[in-house]
1. Starting at the first residue of region 234-247, write each ³J(HN,Hα) from the Karplus equation 6.51 cos²θ - 1.76 cosθ + 1.60 with θ = phi - 60°, in whole Hz, x for Gly and Pro.
2. Take each of the peptides 117-126, 219-228, average the number of other beta-carbon atoms within 10 Å over its residues, and list them starting from the highest.
3. Taking the Cβ of Glu277 as the center, what net charge do the other residues with Cβ under 11 Å away carry, scoring Lys and Arg +1 and Asp and Glu -1?
4. I want to make sure I understand the PRE zone here: with the label point 7 angstrom from the Cα of Asp151 toward its beta carbon, which residues in region 300-334 have backbone N atoms less than 20 Å away?
5. If you average the C-alpha positions of region 172-219 and of region 264-291 separately, how far apart do those two centres end up, in angstrom?
6. Could you give the dipole magnitude of the chain about its Cα centre, charging the beta-carbon of Lys and Arg +1 and that of Asp and Glu -1, in debye to the nearest 20?
7. Please order Val12, Val284 by the number of other Cβ within 10 Å, starting at the fewest.
8. Could you tell me how far the Cα centroid of region 76-124 sits from the Cα centroid of region 1-70, in Å?
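What follows draws every value from the coordinates through simple rules; no lab data is involved. None of the values given here were measured: they were computed from a predicted structure. Neighbour counts are summed over all protein chains in view; Cβ atoms, including those assigned to glycine, are modelled from backbone coordinates with ideal geometry.
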Amino acid sequence: MKEKIQSLLAEVEKLQASNEEELEALRLKYLSKKGIINQLMADFRTVPAEMKRELGMRINEAKTAITDRFNELKSQLATSEEDHSDLDLTRTPYPVKLGTRHPLSIVKQEIVDIFARLGFSLADGPEVEDDWHVFGSMNFADDHPARDMQDTFFVESHPDIILRTHTSSVQSRVMEKMQPPIRVICPGRVYRNEAISARAHCFFHQVEGLYIDKDVSFTDLKQVLLTFAREMFGPDTKIRLRPSYFPFTEPSAEMDISCNICGGEGCAFCKHTGWVEILGCGMVDPNVLEANGIDSTIYKGYAFGMGVERITNLKYQVKDLRLFSENDVRFLDEFMSAN
Ligand code: DAH
C-alpha cells in the first residue's frame, strides 16, 4: 500500500487535462466514489493497527495533492477557455481620464509665448534667494521704506536668505551673467507673508520682463505693453499708464487695461471704473544697472512685472485665489477646453 501511495504522489504532478472531458476523466479516476482515493480508504480498514497512523497520514497527503492538482487544472482550463475573439486589444481603454494643464500654467505660457514672438527669451532664477538679489541689487536701501511694501519670509537661522517676494530678483541674476542687449521674460513663483484669503495668498506667480540696450525709450516700453495687452485680451483692449513708484525703475508706472469683463463700461470686477491694473513697469533705474555691472552711461532699459493670478482672473473670472492651489479636480476640469 505504501508503494501504491508513493507512485500515486509521483503521478500527481504529471496529470494534465486539455478539455472538460479529460478533466472529468481524472475526477472519475481519482476522486469519485469508486476512484483510487476511495479505494485506498477502503483498503485502509484492513491495515494492521500499528501501521494505521503512518498510512492514514499518507493517504490524506495523496488526497490533498490530487484535489489541489485537480482544482489547478480546472482553473487553468476555465481561463484558457474564455472567448477573446471579440476583444479589440488595440482599442484605447475607456474612459480615459486625461489630466489638464493648470490654469496658471496655461496663462503663464500664453504670456511667455506673446513675448517670445516679440524676441524675448526665457530666464530663470531661484525662489530661495539672498537679500542682495531681491532687494539690494534692486536699489532698495537697507532702511528703504519700500522694503515694508513686501512682507518677506526670512530663514530664521540665516537672515540673509529669504523667499523671493518678486521675480525682479531674476533681473539681477540675468544682468550679472550677461551684457546687453538683454531681452528676457522670467516667469516664476514668489512668496509674501500674507494671511491667506480669497484675495491674497502667501505665494503667487509673476512674470518679469527686462529689456536693456543702447537706445531704449519709454515709448518702446509702452508699445510692447500695448501689443501684449491686445494679444492677451483682444484687439480692442486699451491701456493706460499711471505714474507710480518702484525703487528699481525711474520713472515708474502702473498699467491698467480696459476691463475685459464689461468692455470698459464699469462692473463689479473693475469697481465700476472700467479699468483694471495688471502690471508695474518703468525705465530701469541707472543705480540698478550699475549695481549689476552694466554701464549706465551707455545702456538704458525698461522692465515690467505682472501677476499671473490677476491676469488669469481677468481671463477666467476666478473669484477665489485659493482655488488655484487646492487642486480640486472639479475646478481644474473646467479648464479642459483651454488646454
Ligand atoms: N516687482 C514689482 C512687484 O512685485 C512689480 C514690478 C514693478 C516689476 C515694476 C518691474 C517693474 O519690473 O519695472 O510688485
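1. 3J(HN,Hα) across region 234-247, in whole Hz: x, x, 8, 5, 9, 10, 9, 10, 10, x, 8, 9, 9, x.
2. 219-228, 117-126
3. +2
4. 307-310, 320-326
5. Here the two parts' Cα centres lie 14 Å apart.
6. 1180 debye
7. Fewest to most other Cβ atoms nearby, the residues stand as Val12, Val284.
8. Taking the Cα centre of region 76-124 as reference, the centre of region 1-70 is 57 Å away.
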